[in-house]
Amino acid sequence: MLEADGRATTSFVILNDTLMLMLIDDFRLFCGDLGNEVTDDALARAFNKYPSFQKARVVRDKRTNKTKGFGFVSFKDPNDFTRAMREMNGK
């Protein structure tokens, strides 16, 4: 979508309120292929070695409480975000 001044923008609808619980001005890393045993705390422990780590959230089905297989981790510093993406990819 283009704004009146020519800037490109995107819009989206958040269908799962899990993302609403996270901070808005962060750098958010998608974590996929998570097993049902992964919790918010376990995901946080995997990423809290990065100084600007803020929050980890595993997305779960509201009805069954089983993981949907993915989650998000947020960072305040883009350098930590980039480092985590490189170091944790595939782990």
Residue match in segment 63-76 (condition: basic (K, R), at pLDDT 90 or above and in contact with an Asp or Glu (Cβ under 9 Å, 6 or more places away or on another chain)): yes
Any hit, segment 40-48, residues being modelled with pLDDT of 95 or more and of a type in the set (K, R): yes
Options L2, L23, L19; residue that is modelled with pLDDT under 95, of a type outside the set (G, A, S) and loosely packed, with under 10 Cβ neighbours inside 10 Å: L2
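The values are calculated or read from the model by the stated rules, or taken from the named source; none is laboratory data. Because the structure is a prediction, the values reported are computed rather than measured. Ideal geometry is used to build each Cβ from the backbone, glycine not excepted, and the neighbour counts take in all protein chains shown.
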